[in-house]
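First comes the structure, then the notes that go with it.
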Number of protein chains: 4
Amino acid sequence: MWTRKFYLRGLFDNWLSDVKATILEFIGTTFFLLLAFGGIQAATAELNLSGSAPSVILHDLYIALSMGFSLLISVWIFYRASGGVFNPNITLALFLAGAIRPLRFVLYCIAQLVGGIAAAAIVCALTPGPLLSNPVLADGVTLAQGVFIEMFITAALVLSVLMLAVEKHAATPFAPVGIGLTSFVCHLWGVYYTCVSMNVARAFGPAVITGFPYSTQWVYWVGDGLGSLLATALYMLFRQHKYWLLNPGQ
Amino acid sequence: MWTRKFYLRGLFDNWLSDVKATILEFIGTTFFLLLAFGGIQAATAELNLSGSAPSVILHDLYIALSMGFSLLISVWIFYRASGGVFNPNITLALFLAGAIRPLRFVLYCIAQLVGGIAAAAIVCALTPGPLLSNPVLADGVTLAQGVFIEMFITAALVLSVLMLAVEKHAATPFAPVGIGLTSFVCHLWGVYYTCVSMNVARAFGPAVITGFPYSTQWVYWVGDGLGSLLATALYMLFRQHKYWLLNPGQ
Amino acid sequence: MWTRKFYLRGLFDNWLSDVKATILEFIGTTFFLLLAFGGIQAATAELNLSGSAPSVILHDLYIALSMGFSLLISVWIFYRASGGVFNPNITLALFLAGAIRPLRFVLYCIAQLVGGIAAAAIVCALTPGPLLSNPVLADGVTLAQGVFIEMFITAALVLSVLMLAVEKHAATPFAPVGIGLTSFVCHLWGVYYTCVSMNVARAFGPAVITGFPYSTQWVYWVGDGLGSLLATALYMLFRQHKYWLLNPGQ
Amino acid sequence: MWTRKFYLRGLFDNWLSDVKATILEFIGTTFFLLLAFGGIQAATAELNLSGSAPSVILHDLYIALSMGFSLLISVWIFYRASGGVFNPNITLALFLAGAIRPLRFVLYCIAQLVGGIAAAAIVCALTPGPLLSNPVLADGVTLAQGVFIEMFITAALVLSVLMLAVEKHAATPFAPVGIGLTSFVCHLWGVYYTCVSMNVARAFGPAVITGFPYSTQWVYWVGDGLGSLLATALYMLFRQHKYWLLNPGQ
């Protein structure tokens, strides 16, 4: 159970810890998105390789595995250092839920956005051809559908962080596994329809490197932001009703 | 070890807890089936995409991953709140095994069926084209084969819940992983033959939204119901013979 | 650490426990191979489906997932009851290592062989067309290559059981995960070359139901038997040199 | 937390333990690479099989699964014996971080290189056709891109070992899972571009057996070596800043 006791201190009391944690969070976000964007780059390069049967469904599965398992292992490695958040939408939910304080919220968001840009730049430099990890809506998907798919899958990811990592229980040390698999499942639904961001740093980094080629960048900011709010609201509701008393045998 | 002590109290003694848990169970079932139906929708939309080599086996693997891992992470997230049952056939087994009481049994079944309808409706609204998650028997599969395949795979899923989550041991906090992987394996067998329900809420929700297009809906109600009974009978047998004494070193 | 103290008692002192455990082991083996053979049946039926691009590599991956994860969840479910062995080759290694006594060794082998036949019969009855789970060597693989591939992969599987489940340490309750994943990896190598048995009950059951269509059944009995002996020898060597003292920090 | 106290003793004080551990490390490396090279051999043999749709992306996914999960289960099995390092680049990082002493460093590197040769020889003998596991850069990938991709993915793998296995915390007994999945994710990026070594023993073994057919062997020695140094530097940085104090709630 988290408490608000740390929250009541002065805003800058832990500034040195906050800055150190922010540097680790920047390294961790770059680490996560480097592996994830690398996998997307490989999947997309292979999709229409001559002599290889093209398979959109396999391409999407490959991306879901890259994104989900990159997150899984990155969170596991950085979990006990910076917390392994790597995502401004999750950072927002942690802030609203009172798990982190205002200064860390702001610093982490900056570190995550810059980490997304750094990872996109490295993958762009290290692989032949243009960067291929910009998310875009599929043909036939309306803007509203895109926003709401992103909202629901982002909410699922954020809720997994709040219930598995923020709440403390016997399986908490293994929360990275649950969070990574949640990302994997959300990709299985979303990759085909929205390419899946669930994380404005993931949408923003490649867009900065490639000069914002799509006009739908806002879909990911709005959809993912709404997802954070939805997950935080559900979490607050669960806690208010003392969910841990409802099924005491478990 | 569960006991019947809670069971002996009045039927409505815990009605407020039961109602709160039911609301969480509704949210959890919707969460699970939203991600699962989303994955099925994506897999089926991609199957015959022009320019992509169609692969039924890959389509079935994609669905098995979506269904299995959606269940895995949904149970993990909702495990300590509502129990993360999401399935009237498992609810029935829990009731027969004495793990939940009559009022919760009835409320959970309703919440799960309504959750299935809600999830199907949301996926239908958020993705282009018709809803594609109605289960149906493959060509050449007889009604009897369909019923018995469903019976065996449902029994496997229910038995995993009874042995991994209801029984208490060192790995119980990780039961959601075992339950989700059981669902994955059952899908690997069944998706090709019956599309796999193992859960009347999963068969019922899409059928309600699409107006019951197939006359074989009953196969899933009968097969899955028999699976619940078979698993409960095995579990009772194991417990009667004190299975935990048979291999004490383990 | 296992001890030989139970071993010194009379051969039939625990006969009732042995018989009860054998019944559970029969149920468990049938459960495991029912799901596994079902997955193989689906994979093979889908391989040359008209309108679907045939992919041998995907067929093999599908089988590896079916076999590996069926074992994973079956062992997890039956672990604390019968031990979840399901495999006469593992039973032999447990007997040679002193972890089980002679009576249980004989009873388990019988239960496992009969369970393999039962599972093959049920899958044959429940799916259209002939049973497709007989293992056979691929074209170009010599008998000697078949025997030694089976020997090495069986040894890997048996060693995983001895080191993860028989030896006691912090991760022992999760041994089923490691054992199942070992089976998965062994299949990734072997499915293409030998179809992978690693378990005479898995090779014997379908052969009985289909009337021994291949003359290479002996390859699986010899190769898998040698694998048991190799793994047991390695395990004895590790224990003799007190492997747990070599890397005390871990 | 590791200390340097063992380090201050004489270089050869534990020579007998070091030799015994080296023999186990040789067996473990051979075990790991036997399964991994076997999977690569199967994937590549199936890629252009007549009557099967060729799919480079599926071939790469199959290899990623073989390599990643072979490592996962091999480390799990040998973890408490030799430490389950299997990789001179990880051995170097353990030495630089002070976790192993000079004699064991030298012996382990030799055992790992010889294990790589042994595994390549066995797979070559047991499967039809030439050995197919030599890593080589894809068309269009420059030498510099190859070196730096290898550097980044090797650093990720080494960092997973340092943070999950060398550092002690609640999930340390499950470090093999995290390390294996890190290898899997690194392969998802790299297989298409560099075939992925991340381990000079993995690049060296097949090259010895096949007579060094490619002139780019050095890429893997330089890239993987730089990866070790990068990961060690990051780990030192994290420890210097007492990363475990930055996020005390986790």
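The values are calculated or read from the model by the stated rules, or taken from the named source; none is laboratory data. Model, not experiment: these values are computed from the prediction. Every residue, glycine as well, gets a Cβ built from its backbone with ideal geometry; the counts of neighbours run over all protein chains shown. When the accessible area is computed, the model is the full protein with side chains, heavy atoms only, and any ligands, DNA or RNA have been set aside. Shrake-Rupley method; radii C 1.70, N 1.55, O 1.52, S 1.80 Å.
Miscellaneous remarks
- Fraction of accessible area attributable to carbon and sulfur, chain A (%, probe 1.4 Å): 72 percent
- Relative contact order of chain A, defined on C-alpha pairs under 8 angstrom at six or more residues apart (%): 28 percent
- Dividing the alpha-carbon radius of gyration of the stretch A:84-226 by the rule-of-thumb value 2.2 N^0.38 Å gives 1.06.
- Protection-proxy order for peptides D:39-50, B:25-36, D:120-131, each taking the mean of Cβ atoms within 10 Å per residue, highest first: B:25-36, D:39-50, D:120-131
- Its relative contact order, with pairs defined as Cα atoms under 8 Å and 6+ residues apart, puts the stretch A:66-115 at 28 percent.
- Residues of the stretch C:215-250 with amide N under 19 Å of a point placed 7 Å along Cα→Cβ from D:L16: C:237-249
- Shape box of chain D [Cα atoms, principal axes, largest first, Å]: 60, 41, 31
- By a 1.4 Å probe calculation restricted to protein chains, C:F238 has an accessible surface near 0 Å², given to the nearest 10.
- Positive-pole candidate from C:A170, B:G68, D:L229, dipole of the protein assembly as shown, charges at beta carbon: C:A170
- Among B:N199, B:I179, B:Y214 - extreme Cα towards positive end, dipole of the stretch B:125-250, charges at beta-carbon: B:I179
- Kirkwood hydrodynamic radius of the protein assembly as shown, Cα pairs, Å: 28.4 Å
- For the stretch B:77-130: span of alpha carbons on each principal axis (Å, largest first): 44, 21, 14
- Å² of accessible area per residue within chain C, as computed with a 1.4 Å probe and no ligands counted: 31 Å²
- Alpha carbon Rg of the stretch C:104-161, scaled by the compact-globule rule 2.2 N^0.38 Å: 1.47
- Along the stretch A:41-52 the Karplus relation, 6.51 cos²θ - 1.76 cosθ + 1.60 evaluated at θ = phi - 60°, assigns HN-Hα couplings of 4, 5, 4, 6, 5, 7, 4, 10, 4, 5, x, 10 Hz to successive residues, with x for each Gly and Pro.
- Which listed pairs, of B:K20/D:K168; D:K20/D:K168; A:K20/C:K168; A:K20/D:K168, have C-alpha distances above 29 Å, in listed order: B:K20/D:K168; A:K20/C:K168
- Derived scalar couplings ³J(HN,Hα) [the stretch A:64-80; Karplus, 6.51 cos²θ - 1.76 cosθ + 1.60; whole Hz; x for Gly, Pro]: 4, 5, 4, 5, x, 7, 4, 5, 3, 6, 5, 5, 4, 5, 9, 3, 8
- Dipole magnitude of chain B about its Cα centre (Cβ charges: Lys, Arg +1; Asp, Glu -1), debye to nearest 20: 960 debye
- Computed from backbone phi with θ = phi - 60° and the Karplus coefficients 6.51, -1.76 and 1.60, the 3J(HN,Hα) list for the stretch C:220-236 is 6, 6, 6, x, 5, x, 4, x, 4, 5, 4, 5, 5, 4, 4, 4, 4 Hz; x is used for glycine and proline.
- Dipole size of the stretch C:105-250 about its Cα centre, with +1 on Lys/Arg Cβ and -1 on Asp/Glu Cβ: approximately 340 debye, rounded to the nearest 20.
- Whole-number percent relative contact order across the stretch D:18-133, with pairs defined as alpha carbons under 8 Å at least 6 apart: 44 percent
- For the chain pair D and A, buried accessible area totals roughly 4300 Å², probe 1.4 Å, rounded to the nearest 100.
- Over 21 Å [Cα-Cα, the stretch C:57-152], rounded percent: 49 percent
- Counting only Cβ charges, +1 for Lys and Arg and -1 for Asp and Glu, the dipole size of the protein assembly as shown around its Cα centre is about 3760 debye.
- Averaging 1/r over every pair of different alpha carbons in the stretch B:172-250 and inverting the result gives a Kirkwood radius of 15.1 Å.
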